[in-house]
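Below is one structure, written out as structure tokens; the observations come after it.
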Amino acid sequence: MEIERKGQKMDLIASIRSYVNEQKERLVEELIAFLRRGAVSTTGEGIEESVAFLRDHLARLNFQPRILRIEEANPVVFGEGGNPSSPAALCIYGHYDVQAPDPLSEWRSDPFEPVIRNGLIYARGATDDKGNLFANIKAAETLIHVLGERFPLRLKFMFEGEEEIGSPNLRFYLERYGELFKSDVTIVCDRGIHESGRPQIFLGNKGLVSVRVTSKRGIRDVHSGHAPLIPSSAWDLVHLLHSLKDERGLIRIPGYYDSVAPPSQEELALLESIPFDLQEFKRKYGIEKTLVNGDGKEHLQALLFSPTCNISGIQGGWMGEKPKTIIPSMTSVQLDFRLVKKQKGKEIKEKIARAIETSPFGPFEVEVRGEFEEYRLDPQNPWARLAIDTAREVTGKEPVVWPLLDGSGPLCLFPEYLGSPTFIIGLGAPFETANTHAPNENIGIDHYLTGIVQMATLIARAARIDG
């Protein structure tokens with residue numbers, strides 16, 4: 001794509017890349033400054049500092065920053081700039097909050113004092129999601145420099161501060177401030193590039209229901225000599241868990257599979273283009289075998305289109321170094337259920353609760369937490385095609401296009417409240433090496449800078465899409 005500037009024609013991508021290369025050191029220094037501010041949503045540490053940092057950087061671009069607040073929620077940072085007269089509007093969503101850095105003993109360096117080693121920036125939030133988020137702000141800066149008054153469309157930024165705790169208030173922000181965020185498309189920049197080095201795009205995600213189950217038996221722990229007489233909170237919970245899912249991985253909750261629809265032929269076709277080396281996968285995760293029989297495509301199909309019932313953690317009783325023989329009076333488990341095509345969160349929540357409440361191993365206390373619905377975008381959507389074509393041209397590599405993410409997130413909320421499509425573009429480090437949610441999280445400097453070029457190019461071309 002050629003553009004005119006001061007009477008001369010110039011190549012768009014070359015001009016964008018030239019500016020990013022010229023400003024490379026500053027761009028990296030500014031990301032490091034952002035990472036240094038933390039923003040742990042579970043504790044609140046660094047939240048306001050990160051909000052102020054984003055506000056200041058948006059203000060420098062004349063993006064009219066606003067700090068949006070609702071009671072008992074972390075702020076949302078909003079900014080709008082570009083061409084105010086353009087009928088086309090693009091909204092980019094990201095989250096500035098990060099996971100807690102525990103366990104600190106496993107970090108090679110301070111998680112909030114970023115360091116560069118072998119071309120990688122190590123810090124909490126480097127890939128998830130501060131590096132991705134900040135690449136978009138810098139993409140806007142780049143376009144302002146390259147295009148000036150020819151900036152092609154209205155560009156909106158929406159940066160959330162609670163994604164790492166399940167976005168409990170995002171729905172309320174969208175209800176209250178939806179008119180601000182409305183656009184032709186909402187692009188979520190999270191995750192990273194593929195392990196092969198190819199760019200990566202996700203057209204949807206699984207749904208999610210989170211459940212906490214507590215088994216209480218008696219008023220206190222009891223000497224285990226009374227095991228023939230006293231009910232065990234732990235054993236009752238173990239029996240319940242086995243009743244929910246069998247040894248073959250099938251979920252036993254009545255009606256759980258009723259709404260599951262098979263993937264379409266187009267979705268299955270996308271799997272053919274996704275690299276998956278089974279032996280390398282097992283090596284990287286340190287496992288001898290997976291739970292699936294078959295080749296790479298069958299593994300991908302199970303990964304993306306199978307509903308799940310997962311145990312995230314169990315707590316109760318005694319696990320000290322030396323024995324303590326007790327019958328625990330209370331044991332709890334945290335479960336997450338991933339939902340696939342056509343499953344609805346409300347219906348699944350009711351079925352889960354009913355199965356637990358009517359269990360012969362009860363009674364149990366059940367807390368069903370927030371949910372996300374599953375979401376899928378048609379691979380032929382023009383915005384998706386633009387993102388795919390742009391990624392290919394900028395990187396020179398064929399993008400890896402996933403019909404959906406194996407995880408969950410708030411994608412479903414944007415079409416519901418804003419009435420426009422959404423999808424994910426990964427800009428950070430590959431998932432297998434990024435150490436997302438783990439010690440020594442990182443992003444490659446080249447990932448970050450390429451992300452700036454990729455998103456600047458996409459924004460520049462987005463005005464040609466009929467939303």
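What to note about this one:
- Stokes-Einstein, applied to the Kirkwood radius of the stretch 232-311 over Cα pairs at a viscosity of 1.002 mPa s and 20 °C, places its translational diffusion at 142 µm² s⁻¹.
- Counting only protein heavy atoms and a probe of 1.4 Å, the accessible surface of the stretch 363-467 is 47% carbon and sulfur.
- Distribution of pairwise C-alpha distances over the stretch 74-193, 5 Å bins, in %: 2, 10, 17, 20, 17, 13, 10, 6, 3, 1, 0
- The Stokes-Einstein estimate for the chain, based on a Kirkwood radius over Cα pairs and taken at 25 °C with 0.890 mPa s viscosity, is a diffusion coefficient of 103 µm²/s.
- Segments 223-230, 256-263 sorted - mean Cβ within 10 Å per residue, highest first: 256-263, 223-230
- Residues whose placed amide H lies under 5 Å from that of Q200, excluding near-sequence neighbours: H194, V400, G426
- Full-extension gain in nm, N381 to Q279, via 0.36 nm per residue minus C-alpha separation: 33.3 nm
- Each principal axis of the stretch 136-287 carries a Cα extent, and these read 80, 43, 34 Å when sorted largest first.
- The trypsin sites (Lys or Arg not before Pro) of the stretch 226-292 that DSSP puts in a loop, and whose beta carbon has at most 14 other beta carbons within 10 Å, are R248, R252, K289.
- Charge dipole of the stretch 167-294 (Cα centre as origin; +1 on each Lys and Arg Cβ, -1 on each Asp and Glu Cβ, all else neutral): 600 debye, rounded to the nearest 20.
- For the stretch 126-176, convex hull of alpha carbons as volume per residue, Å³: 84
- Each residue of the stretch 65-78 was assigned a 3J(HN,Hα) from its phi angle through the Karplus expression (A = 6.51, B = -1.76, C = 1.60, θ = phi - 60°), giving x, 9, 9, 9, 9, 10, 4, 6, 9, 5, x, 9, 9, 10 Hz with x at Gly and Pro.
- Per-residue [θ]222 nm for the chain (sum of -39500 (n - 2.57) over DSSP H runs n ≥ 4, rounded to 500): -10500 deg cm²/dmol
- Computed about its Cα centre, the charge dipole of the stretch 180-237 is approximately 140 debye, with only Lys, Arg, Asp and Glu carrying charge at their Cβ.
- Average accessible surface area per residue within the chain, 1.4 Å rolling probe, Å²: 46
- Across the protein chains, with a 1.4 Å probe defining accessible surface, the residues K341, K346, K216 rank K346, K216, K341 from largest area downward.
- Only beta bridges with both residues in the chain are counted; by DSSP, about 70 percent of them are antiparallel.
- Prolate/oblate/rounded call for the stretch 194-352, Cα gyration tensor, a/c under 1.5 rounded: prolate
- Value of Rg to Rh for the stretch 212-252 (Rh from inverse mean 1/r over Cα pairs, i.e. Kirkwood): 1.10
- Three-way shape label, the stretch 261-354, alpha-carbon gyration tensor, a/c 1.5: oblate
- Cβ-based charge dipole, the stretch 370-464, positive-most Cα from A462, G428, F414: A462
- If R0 equals 41 Å, the separation of the Cβ atoms of E266 and Q315 corresponds to a calculated FRET efficiency of about 0.40.
- The stretch 317-417, dipole about Cα centre (Lys/Arg Cβ +1, Asp/Glu Cβ -1), debye to the nearest 20: 220
- Cross-link pairs K130/K156; K284/K344; K282/K322; K342/K397 - those with Cα-Cα distance over 28 Å: K284/K344; K282/K322; K342/K397
- Accessible area in the full protein assembly, largest first, 1.4 Å probe, for T290, T358: T358, T290
- Quotient of the Cα radius of gyration of the stretch 21-113 and 2.2 N^0.38 Å, N being its number of residues: 1.28.
- Scattering curve values for the stretch 315-365, log₁₀ I(q)/I(0), Debye with Cα scatterers, q = 0.30 Å⁻¹: -1.20
- Legend: calculated FRET efficiency, R117 to H145, from the Cβ-Cβ distance at R0 = 45 Å, rounded to 0.05, equals 0.90.
- The stretch 1-160 shape via C-alpha gyration tensor axes, a/c threshold 1.5: oblate
- Pairs of alpha carbons in the stretch 371-436 separated by more than 18 Å make up 46% of all such pairs.
The values are calculated or read from the model by the stated rules, or taken from the named source; none is laboratory data. Values in this document were obtained by computation on a predicted structure and should not be read as measured data. Because the Cβ atoms are built from the backbone with ideal geometry, glycine has one as well, and the counts that use them run over all protein chains shown. Side chains included, ligands, DNA and RNA excluded: accessible areas come from the protein's heavy atoms. Shrake-Rupley method; radii C 1.70, N 1.55, O 1.52, S 1.80 Å.
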